[in-house]
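**Student:** Below you'll find the structure I mean.
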Amino acid sequence: MTELLGIQSIMTYPYDDDLLLRKQKKIRRQLLERTDVSYVEKRIAILNGSTTDDLKNLLDIFLLYSGIKATFYQSEYNKYYEDAIFGNPELDEFHPNLIIFFTSVVNVQQWPQVEDDKEAVAAKLDAEYQRWQVVWEAARQRYGAVIIQNNIDPAWQAPLGSLEAAADYGRERYVAALNERFAAYAAAHDDFYIHDLHRLAATIGLMKWHNRFQYYAYKFAVNYDAVPEVANGLAKIIRAIYGKNKKCLVLDLDNTLWGGVIGDEGVENIAIGHETPTGEAYTAFQQYVKELKDRGVILAVCSKNEEDIAKEGFSHPDSVLHVDDFVAFHANWEPKNVNIEQIAREINIGLDSLVFIDDNPAERQIVRDTLPEVAVPEVDVRDVFSYIRAIEGAGYFETVKVSDDDRKRNAAYMANKERRALASIVTNYDDFLKSLQMKAEIDSFRPVYYDRIAQLTNKSNQFNLTTQRYTRADIERMAENSNYITLYGRLSDKFGDNGLISVVIGEKQGNTCHIRLWLMSCRVLKRGMEQVMLDAIVERAKAAGCTKLVGYYYQTKKNKMVADLYQVFGFTMISEDDADTTWQLDITDFTPQGKFIEVHAGEVKES
């Protein structure tokens, strides 16, 4: 734990950018010495339009801290176009999983001039955009990699002043139009994401963003001091793509969700609402938290308080949040680290999925010292908006897509609480399962679910036998390949719809079906879903002429719960390499194992 605490202090938001820049090699070495991480390994190509050495080094650090070990390829200076269009032997051999086009305003070639009329400006915009589109299409076709593209930051000069934003030939208006084209392309193409360099420049401030001397001397497209923020911005997106973002926001109450101490001042005197500047600030924070919840972030309370008094705060007429917005509610006098551990168990997620916001620096430090896996940013009680800056600055809940399952996530966890309550009063577990009235939809992958399936492959760690990670493009490729058997599983019961929660991918080779991926959300564990998914893969494999299933278990630090899954299901171990095992099952006379779940195929929803 000591080794983690040391690096944790460096990587706690807000970051010491100067320290990150000065100590790049030492920090990287410390991160690689950690023994508490099972890394996801990725090959990342940075095709640049400016100097990116320090950017690459800091991106490496941010990714390592989040559990992604990257191997990098960097193009020669300003060779992004040539590498994408024509390739080169080194890049071709590198086979990137992900390509970052690190370009900026300095790489725009077609600029409007004052003498240009509207048609001339439109022609230049079309030509400029088409040049970028050709680059992206060539890279997609050549490498099949995920792409991250910077949009265009504001220009360093504005000779027309405010007219730059209004005139047809204004540079600011031109950049806005070009960025809109970039965004439309991203919306229409899977595995293509925009890094919002334009907003980042605005956040930092253009006077600190551009340093023309550094550009002319070293070809730095952005001020050297801004490089850590840029690297962090890219790392946020990459973490989201590969399922390394956080899942649950744990919140203190007094002076965190409202101003004042409710136990002393009473609900009528806490600061919330629109009567005072302080009350407005807390209302704004509650609105922000509600927006996080609405797009899938799980909410929990951890407060030193009497529970009934703590809950009164949400009865305030100006409270945006209410008790039923929280999946877990722990208000008592136990140490907060103890309550946070209980919250993780109750929700059934790892401690490394939690972010804890508390105004009290002593409480923050206790949690950091005892639960180093939990993210605990620094905040300032005198500035309520520092809570929002902390969450967004570190990008804990950065997302690249919001699915229907994301929007329903809190409802699904709330329904789980009702299921646990029912289980506590039913003495026979089989009777409990029957009482749930479960129905499963199991069928082959279909386009409407590709995004959710890819999301699950990158987020599921515990019930995941091989922990293979796939992009949406990978999912689509396998779904359309007759050599693969692909299955998704949805589960609903009388308490609600759990959504798409299980995925199996099998590859047919002769008379054998090799299970390349088998995962399931832990929130439906031990309800029989794993049995009916096995029944389904056996049925599909037999229909394809297979007589055997071969399953693989690759141990990680998080998936030990399924180490004996194949043994429980009657498979025979045929090889063992340390903790990694291979299993085989003769399915000629297979007896279905599923019970208590009514299974049906999915309805076709695509046009």
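The values are calculated or read from the model by the stated rules, or taken from the named source; none is laboratory data. Please read these numbers as outputs of a predicted model, since none were measured by experiment. Here the Cβ is made from the backbone with ideal geometry for all residues, glycine too, and neighbour counts use every protein chain on show.
**Student:** Being within 20 Å of Thr52 (Cβ to Cβ), without any contact (Cβ under 8 Å) to a residue 40 or more places away in the chain and either touching a strand residue (DSSP E or B) at 6+ places or on another chain (Cβ under 8 Å) or not in a loop (DSSP other than H, G, I, E, B) (or both) is the filter here; which residues of region 200-216 pass it?
**Tutor:** Pass one, region 200-216, residues within 20 Å of Thr52 (Cβ to Cβ): 200-201, 204, 208-216.
This time we only want the ones that are without any contact (Cβ under 8 Å) to a residue 40 or more places away in the chain, so: 204, 208, 211, 213-214, 216.
Across region 200-216, the qualifying residues are Ile204, Lys208, Phe213, Gln214, Tyr216.
**Student:** Considering each residue of region 495-511, count those that are touching a helix residue (DSSP H, G or I) at 6+ places or on another chain (Cβ under 7 Å) and at pLDDT 95 or above, and give that number. It would help to see each step written out before you state the result.
**Tutor:** Going residue by residue through region 495-511, those that are touching a helix residue (DSSP H, G or I) at 6+ places or on another chain (Cβ under 7 Å) are 495-496, 498-506.
Then drop every residue that is not at pLDDT 95 or above, which leaves 502-506.
Adding up the residues that qualify gives 5.
**Student:** Does region 448-496 hold any residues that are farther than 23 Å from Cys513 by Cα and either more than 20 Å from the chain's Cα centre (by Cα) or assigned by TED's automatic domain parsing to the domain that holds Asn97 (or both), and which are they?
**Tutor:** Within region 448-496, Leu491, Ser492, Asp493, Lys494, Phe495, Gly496 meet the criteria.
**Student:** Now for a separate question. Taking interchain pairs and intrachain pairs at least six residues apart, which have beta carbon atoms under 6 angstrom, with the first residue in region 583-607 and outside the structural domain of Tyr566 (by TED's automatic domain parsing) and more than 17 Å from Gln531 (Cα to Cα) and the second outside any strand (DSSP E or B) and at pLDDT below 95?
**Tutor:** Lys605/Val448; Glu606/Pro447; Glu606/Val448
**Student:** If you don't mind, another one. Restricting attention to region 26-60, report how many residues are hydroxyl-bearing (Ser, Thr, Tyr) and surrounded by fewer than 17 Cβ atoms within 10 Å (Cβ to Cβ). Steps first, please.
**Tutor:** Going residue by residue through region 26-60, those that are hydroxyl-bearing (Ser, Thr, Tyr) are 35, 38-39, 50-52.
Keeping just the survivors that are surrounded by fewer than 17 Cβ atoms within 10 Å (Cβ to Cβ) gives 35, 38-39.
Selection size over region 26-60: 3.
**Student:** Name every residue in region 555-568 that is touching a residue at least 12 places away in the same chain (Cβ under 8 Å) and either loosely packed, with under 15 Cβ neighbours inside 10 Å or not hydroxyl-bearing (Ser, Thr, Tyr) (or both), in order of residue number.
**Tutor:** We begin by selecting, within region 555-568, every residue touching a residue at least 12 places away in the same chain (Cβ under 8 Å); these are 555-559, 561-563, 565-567.
Gln555, Lys557, Lys558, Asn559, Met561, Val562, Ala563, Leu565, Gln567, listed by residue number.
**Student:** Could you identify the single residue in Tyr449, Tyr387 that is over 21 Å from His330 (Cβ atoms), among the aromatic types (Phe, Trp, Tyr) and outside any loop (DSSP other than H, G, I, E, B)?
**Tutor:** From the options Tyr449, Tyr387, the qualifying one is Tyr449.
**Student:** While we're looking at this one, here's another question. Kindly evaluate Cys522 against the criterion of being at pLDDT 95 or above and more than 15 Å from Gly594 (Cβ to Cβ). Explain how you work it out, then say what you get.
**Tutor:** Details: at pLDDT 95 or above: no; more than 15 Å from Gly594 (Cβ to Cβ): yes.
The answer is no for Cys522.
**Student:** While we're looking at this one, here's another question. In this structure, is Ala231 in a helix (DSSP H, G or I), within 30 Å of Ile99 (Cβ to Cβ) and out of contact with any strand residue (DSSP E or B) (no Cβ under 9 Å at 6 or more places or on another chain)? Spell out the reasoning first.
**Tutor:** On the way: in a helix (DSSP H, G or I): yes; within 30 Å of Ile99 (Cβ to Cβ): yes; out of contact with any strand residue (DSSP E or B) (no Cβ under 9 Å at 6 or more places or on another chain): yes.
So Ala231 fits the description; yes.
**Student:** Then there's this: Among all residue pairs at least 6 apart or on different chains, which show Cβ distances below 7 Å where the first residue, located in region 307-323, is among the β-branched types (Val, Ile, Thr) and the second is at pLDDT 95 or above and not in a loop (DSSP other than H, G, I, E, B)?
**Tutor:** Pairs found: Ile309/Ile262; Val320/Thr283; Val320/Gln286; Val320/Gln287; Val320/Lys290; Val323/Lys311; Val323/Phe314; Val323/Phe329.
**Student:** Collect the residues in region 183-197 that are assigned to a helix (DSSP H, G or I) and surrounded by 20 or more Cβ atoms within 10 Å (Cβ to Cβ), keeping them in residue-number order. Spell out the reasoning first.
**Tutor:** Initially, region 183-197 is screened for residues assigned to a helix (DSSP H, G or I), giving 183-188, 197.
Leu197 - this is the single residue of region 183-197 that is assigned to a helix (DSSP H, G or I) and surrounded by 20 or more Cβ atoms within 10 Å (Cβ to Cβ).
**Student:** Would you please name the residue that is farthest from Asn339 (Cα to Cα), looking only at residues in region 297-311 that are surrounded by fewer than 19 Cβ atoms within 10 Å (Cβ to Cβ) and in contact with a helix residue (DSSP H, G or I) (Cβ under 9 Å, 6 or more places away or on another chain)? Lay out the reasoning, then the answer.
**Tutor:** If we filter region 297-311 for residues that are surrounded by fewer than 19 Cβ atoms within 10 Å (Cβ to Cβ), which is where we start, we get 306-309.
So of that shortlist, the ones also in contact with a helix residue (DSSP H, G or I) (Cβ under 9 Å, 6 or more places away or on another chain) come out as 306, 309.
Details: Glu306: 14, Ile309: 18 Å.
Result: Ile309.
**Student:** Oh, and also: Enumerate the pairs (first residue in region 466-480 and of a type outside the set (D, E, K, R); second residue anywhere and in a loop (DSSP other than H, G, I, E, B)) with beta-carbon separation below 6 Å, excluding pairs fewer than 6 apart on the same chain, so at least 6 apart or on different chains.
**Tutor:** From residues that are of a type outside the set (D, E, K, R), the pairs are Thr466/Tyr554; Thr467/Thr556; Thr471/Asp191; Ala473/Asp191; Ala479/Phe445.
**Student:** Name the single residue that is farthest from Val524 (Cα to Cα) among those in region 387-402 being buried (at least 19 other Cβ atoms within 10 Å of the Cβ) and of a type in the set (Gly, Ala, Ser).
**Tutor:** Result: Ala390.
**Student:** Looking at this structure, is Lys336 closer than 19 Å to Asp406 by Cβ, at pLDDT 95 or above, under 31 Å from the mean Cα position of the chain (by Cα) and not aliphatic (A, V, I, L, M)? Steps first, please.
**Tutor:** Details: closer than 19 Å to Asp406 by Cβ: no; at pLDDT 95 or above: yes; under 31 Å from the mean Cα position of the chain (by Cα): yes; not aliphatic (A, V, I, L, M): yes.
No: the conditions fail for Lys336.
**Student:** I would also like to ask the following. Yes or no: Leu160 over 30 Å from Asn97 (Cβ atoms), surrounded by fewer than 20 Cβ atoms within 10 Å (Cβ to Cβ) and under 32 Å from the mean Cα position of the chain (by Cα)? Walk me through how you get there before you give the answer.
**Tutor:** Details: over 30 Å from Asn97 (Cβ atoms): yes; surrounded by fewer than 20 Cβ atoms within 10 Å (Cβ to Cβ): yes; under 32 Å from the mean Cα position of the chain (by Cα): no.
Against the criterion (over 30 Å from Asn97 (Cβ atoms), surrounded by fewer than 20 Cβ atoms within 10 Å (Cβ to Cβ) and under 32 Å from the mean Cα position of the chain (by Cα)), Leu160 does not qualify.
**Student:** Could you tell me whether region 578-598 includes any residue that is touching a Ser or Thr at 6+ places or on another chain (Cβ under 8 Å), surrounded by 16 or more Cβ atoms within 10 Å (Cβ to Cβ), among the aliphatic types (A, V, I, L, M) and at pLDDT 95 or above?
**Tutor:** There is at least one residue in region 578-598 that is touching a Ser or Thr at 6+ places or on another chain (Cβ under 8 Å), surrounded by 16 or more Cβ atoms within 10 Å (Cβ to Cβ), among the aliphatic types (A, V, I, L, M) and at pLDDT 95 or above.
**Student:** Mind checking which pairs have a first residue in region 113-136 that is under 15 Å from Val175 (Cα atoms) and at pLDDT 95 or above and a second that is assigned to a helix (DSSP H, G or I) and of a type in the set (A, V, I, L, M), Cβ under 6 Å, 6 or more apart or different chains?
**Tutor:** Pairs that qualify, where the first residue is under 15 Å from Val175 (Cα atoms) and at pLDDT 95 or above and the partner is assigned to a helix (DSSP H, G or I) and of a type in the set (A, V, I, L, M), are Leu125/Ala177.
**Student:** Could you identify the single residue in Val222, Val250 that is surrounded by 19 or more Cβ atoms within 10 Å (Cβ to Cβ), in a strand (DSSP E or B) and either modelled with pLDDT of 95 or more or assigned by TED's automatic domain parsing to the domain that holds Ala45 (or both)? If you could, list the steps in order and put the result at the bottom.
**Tutor:** Working: Val222 fails: in a strand (DSSP E or B).
The match here is Val250.
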